[in-house]
Amino acid sequence: MKVRKAVIPAAGLGTRMLPAAKAVPKEMMPIVDKPAMHYQIEEAVASGITDILIITNRGKESIEDYFDYSPEYERHLEMKGKAEELEALRSIANMANITFIRQKEAKGLGHAVLCAKEFIGNEPFAVLYGDDLIESDTPTTKKLVEIYEKYQKGAVGVSLVLPELIHKYCSLKVEAVEERIFSCTDMVEKPSPDKVMSYYSILGRVVMPPEIFGILESIGYGYGGELQLTDAMGELARRKGVMAYDFPGTHHDMGSKLGLLKANVTYGAKHGEIGEEFRAWLKKFVSEELL
Ligand code: UTP
């Protein structure tokens, strides 16, 4: 069955981005002139996804507004005769069939994904973690969809993380199968040193079969008292195996201050309108202020 649906969990508290997260969801913090969530939707659409469910909660109404029409801006651009800008603005609301549901309490990523059970039904689906941005020529989700369809197994996007940081991520038991592709038979969330199986960790993109919902319903709450998606995927890996894809490109953690800054610098440096000027300024800043 083709993968045509995706879930984007964006209901986390975003405590690492306080105080800004009080007013702006971390998933909506701008990278130059577009919110992080815009890039997620672009990636999903470029991966063949047509139907997207965004999991939100109280205080995240700006996400819904962003993917809706904006009559005031549109009227203004129309009056000024700015046809191109008008078209670009209107197209945001038509990128995909986007619907929203609220996770009433932030009980973990697994709990957020479980909120999508009815929307997904009995088909495979992608999950794009709302605060993980991947800068890559080939959309990571597209590649995961291909791997899912080829192996008929859940597929997770992984990267090597620094050994001293693995305790903040998850750790996967992997065996190489093809270039950049591994079979994975176990995984553990936030491993203690004796539980580390490799330094490969899941960073923000997975494609799962619908049976993950049954597993989420049957496992208990895990690390931090939250329902962990990793725990459910670990159970799936032990039962049937999943595939891991070491994606090329750069991962940006939009849930952290440093991640947001780095994303703005790299996207800013490549930006069509301001890239050249920004690169010149950055060069000067680095040589005059930092060296
Ligand atoms: P994180 O664990 O990074 O989100 O979840 P968090 O809890 O907001 O992080 P802190 O507070 O800064 O430590 C990864 C993604 O899953 C979503 C988040 O919004 C983020 O996009 N999420 C997390 C939910 O939708 N619901 C949850 O209960 C937890």
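One table, with the values for the structure above:
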| quantity | calculated |
| --- | --- |
| Residues of region 106-118 satisfying the condition of being within 16 Å of the ligand (Cβ to nearest atom) and without any contact (Cβ under 8 Å) to a residue 40 or more places away in the chain | none |
| Residue identified as open to solvent by less than 60 Å² (accessible area, probe 1.4 Å), free of Cβ contacts under 8 Å to residues at least 24 places away in the same chain and small (G, A, S) among G220, G255 | G220 |
| Qualifying residue in region 149-166 (condition: part of a loop (DSSP other than H, G, I, E, B), open to solvent by 70 Å² or more (accessible area, probe 1.4 Å) and aliphatic (A, V, I, L, M)) | yes |
| Which numbered condition A280 fails, given (1) modelled with pLDDT of 95 or more; (2) outside any helix (DSSP H, G or I) | (2) |
| Complete set of residues in region 167-183 that are open to solvent by 50 Å² or more (accessible area, probe 1.4 Å) and out of contact with any Pro (no Cβ under 8 Å at 6 or more places or on another chain) | K168, Y169, K173, E175, A176, V177, E178, E179 |
| Pick from region 112-146, criterion farther than 28 Å from V24 by Cβ and in contact with a helix residue (DSSP H, G or I) (Cβ under 7 Å, 6 or more places away or on another chain), ranking: surrounded by the fewest Cβ atoms within 10 Å (Cβ to Cβ) | K117 |
| Elements of type strands (runs of 3 or more DSSP E) in region 1-104, at least 1 residues being farther than 30 Å from Q152 by Cβ, within 13 Å of the ligand (Cβ to nearest atom) and open to solvent by less than 20 Å² (accessible area, probe 1.4 Å) | 51-56 |
| Unmet criterion (only one of (1) part of a helix (DSSP H, G or I); (2) more than 24 Å from H252 (Cα to Cα); (3) touching a strand residue (DSSP E or B) at 6+ places or on another chain (Cβ under 7 Å)) for A112 | (2) |
| Matching option when the condition is under 21 Å from K107 (Cβ atoms), open to solvent by 10 Å² or more (accessible area, probe 1.4 Å) and away from the ligand (no atom under 16 Å from the Cβ), among E235, E226 | E235 |
| Pairs with Cβ under 6 Å, 6+ apart, first in region 124-135 and of a type in the set (F, W, Y), second within 13 Å of the ligand (Cβ to nearest atom) and open to solvent by less than 10 Å² (accessible area, probe 1.4 Å) | Y129/G204 |
| Qualifying residues in region 184-217 (those that are open to solvent by 50 Å² or more (accessible area, probe 1.4 Å) and over 24 Å from L160 (Cβ atoms)) - the one farthest from the ligand (Cβ to nearest atom) | E211 |
| Failed item, numbered, when K240 is tested on (1) within 14 Å of the ligand (Cβ to nearest atom); (2) touching a Pro at 6+ places or on another chain (Cβ under 9 Å) | (1) |
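The values are calculated or read from the model by the stated rules, or taken from the named source; none is laboratory data. Since we're looking at a predicted model, the values are computed, not measured. Here the Cβ is made from the backbone with ideal geometry for all residues, glycine too, and neighbour counts use every protein chain on show. Heads up: the accessible areas ignore ligands, DNA and RNA and are worked out on the full protein's heavy atoms, side chains in. Shrake-Rupley method; radii C 1.70, N 1.55, O 1.52, S 1.80 Å.
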